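Step one of this worksheet: look at the structure below.
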Amino acid sequence: MTDLNALEAELTQAIAAANDVAALEAVRVAALGKQGSISGLLKSMGAMSPDERREKGPLINGLRDRISAALNAKKAGLEAVELEARLLAGRVDLSLPAPPRRKGAVHPTMQVMDELIAVFAEMGFAVAEGPDIEDDWHNFTALNFPPKHPAREMHDTFFFKPGADGERRLLRTHTSPVQVRTMQSQEPPIRIVAPGRVFRCDSDQTHTPMFHQIEGLVIDKGIHMGHLKWTLETFVARFFETDAVTTRFRPHHFPFTEPSAEMDVRCDRSGGEVKIGQGDDWLEILGCGMVHPNVLRQCGIDPDVWQGFAFGLGVDRMGMLKYGMPDLRDMFASDVRWLEHYGFSATQAPNPASGLS
Ligand code: PHE
């Protein structure tokens with residue numbers, strides 16, 4: 001039979017000598033683990049005669065309880081010491097100056113989007129939206145693009161793999177499908193603008209694969225090109241915050257408008273940057289036209305009763321022009337330094353009362 005007093009002395013000594021939690025754990029395993037010395041004694045009690053057990057049992061159990069209590073006490077002590085050391089090492093000097101913090105800002109595209117919406121809201125336009133992922137019908141067919149027509153390729157469309165129904169879905173190439181969705185879901189008269197993301201497989205200084213457009217649509221009785229021209233000229237003057245804007249309409253072609261036009265604004269490029277409202281140059285800023293009767297018919301509107309005009313323009317491009325940003329690709333590079341320079345205050349949302357910018 002092991003000498004209980006000697007074992008107790010040895011374990012007490014080992015507990016006292018353990019100077020970290022891991023060393024103490026090793027002592028615990030050696031004494032109370034499955035193969036531990038005290039565990040062995042406890043097991044041996046099974047083979048003892050009742051008399052012997054009556055005598056040795058309390059001694060062995062007492063040893064176990066004392067060693068166990070000593071282990072727990074030492075563990076609590078060691079943990080407190082380790083915590084103290086960690087707290088000391090992780091000390092923060094609150095008198096140090098804070099590191100410079102980058103401030104968030106409203107992205108110019110969102111600022112311009114808000115400005116555009118504010119201008120059109122003032123003219124009585126509501127905001128409409130549609131999905132970024134479209135089907136061929138809304139993006140092309142309903143807009144009078146004939147099937148297999150090369151105009152579909154003209155848009156450098158991003159197509160998805162055909163689905164179970166054999167249909168190829170796509171990332172919308174323009175906001176014009178929102179015209180279709182709005183005419184299908186609302187009764188005329190209609191007056192909406194539809195801002196949103198559009199996608200084309202294209203990238204250079206003035207093109208990015210994703211950019212933003214705002215679409216306009218007016219459907220009413222007796223609508224003609226004069227309404228279109230007044231609306232767009234008024235909009236350009238409000239947006240660029242000057243009355244000096246001169247515009248020019250050039251004939252163009254879009255499958256979904258007839259007649260179609262592109263609108264240019266007079267500008268000056270002599271100083272390297274574009275200045276609106278002066279000079280002898282012209283800058284194309286948007287596409288527009290009278291809604292094609294086929295589009296009205298596709299959307300269940302009788303072209304003999306209702307007419308309309310539509311327009312679409314690049315939001316990011318308008319921002320580049322108004323705020324002098326030279327490269328469209330920087331807009332989407334997510335560089336905080338760029339955003340700090342070109343960004344806008346979140347507390348100064350554009351509205352017609354306090355001004356646009
Ligand atoms: N959807 C055309 C484009 O992306 C713009 C446009 C909209 C033209 C509405 C006419 C009418 O180029």
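The values are calculated or read from the model by the stated rules, or taken from the named source; none is laboratory data. As the structure is a prediction and not an experimental result, all values here were calculated from the model. We place every Cβ from the backbone using ideal geometry, glycine too, and count neighbours over all the protein chains shown. Surface areas here come from the heavy atoms of the whole protein model, side chains and all, with no ligands, DNA or RNA. Shrake-Rupley method; radii C 1.70, N 1.55, O 1.52, S 1.80 Å.
Data table
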{"read-out": "Restricting segment 231-327 to GluC sites (Glu not before Pro) in coil, as DSSP defines it, with at most 15 other Cβ within 10 Å", "value": "GLU241, GLU273"}
{"read-out": "Quotient of Cα Rg and 2.2 N^0.38 Å for segment 4-89, N being how many residues it contains", "value": "1.30"}
{"read-out": "Span from the segment 255-313 Cα centroid across to the segment 52-119 one, whole angstrom", "value": "63"}
{"read-out": "³J(HN,Hα) computed for each position of segment 34-40 - Karplus, 6.51 cos²θ - 1.76 cosθ + 1.60, integer Hz, glycine/proline x", "value": "3, 9, x, 5, 5, 4, x"}
{"read-out": "Contact order normalised by residue count of the chain, Cα under 8 Å, 6+ apart, percent", "value": "17"}
{"read-out": "Among VAL305, PHE159, SER176 the positive-end extreme of the charge dipole of segment 108-342 (Cβ point charges)", "value": "VAL305"}
{"read-out": "FRET efficiency, 1/(1 + (r/R0)^6) with R0 35 Å, evaluated for LEU88 and ASP65 via beta carbons", "value": "0.50"}
{"read-out": "Assigned charges on the beta-carbon of Lys, Arg, Asp, Glu; the chain dipole about Cα centre (debye)", "value": "940"}
{"read-out": "Using θ = phi - 60° and Karplus 6.51 cos²θ - 1.76 cosθ + 1.60, couplings along segment 305-310 (whole Hz; Gly, Pro as x)", "value": "9, 10, 10, x, 10, 9"}
{"read-out": "Nonlocal amide H pairs with ARG169, under 5 Å, H built at 1.01 Å", "value": "PHE160, GLY163"}
{"read-out": "Sum of side-chain charges, GLU8 neighbourhood, beta-carbon under 12 Å (Lys, Arg +1; Asp, Glu -1)", "value": "-1"}
{"read-out": "Counted charge near GLY36, where neighbours are those whose Cβ lies closer than 11 Å (Asp, Glu -1; Lys, Arg +1)", "value": "+4"}
{"read-out": "GLN35-ALA121 pseudo-label distance in nm [points 7 Å out on the Cα-to-Cβ vector]", "value": "7.7"}
{"read-out": "Estimated FRET transfer efficiency (GLN348, CYS201; beta-carbon r; R0 25 Å; 0.05)", "value": "0.10"}
{"read-out": "Integer Hz, Karplus 6.51/-1.76/1.60 couplings in order for segment 222-234, x for Gly and Pro", "value": "x, 7, 9, 4, x, 5, 4, 5, 4, 4, 6, 5, 4"}
{"read-out": "Prolate/oblate/rounded label for the chain (Cα gyration tensor, a/c 1.5)", "value": "prolate"}
{"read-out": "Anchor LYS75: aspartates and glutamates whose Cα lies under 20 Å away (excluding residues fewer than 8 positions away in-chain)", "value": "GLU8, GLU10, ASP20, GLU25, ASP65, GLU84"}
{"read-out": "Where labels lie 7 Å past Cα in the beta-carbon direction, separation of GLU129 and ALA17 in nm", "value": "7.2"}
{"read-out": "Surface share of carbon and sulfur [accessible, 1.4 angstrom probe, percent] for the chain", "value": "54"}
{"read-out": "Signed unit charges on C-beta, dipole axis of the chain, positive-most listed residue THR206, LEU42, ILE223", "value": "LEU42"}
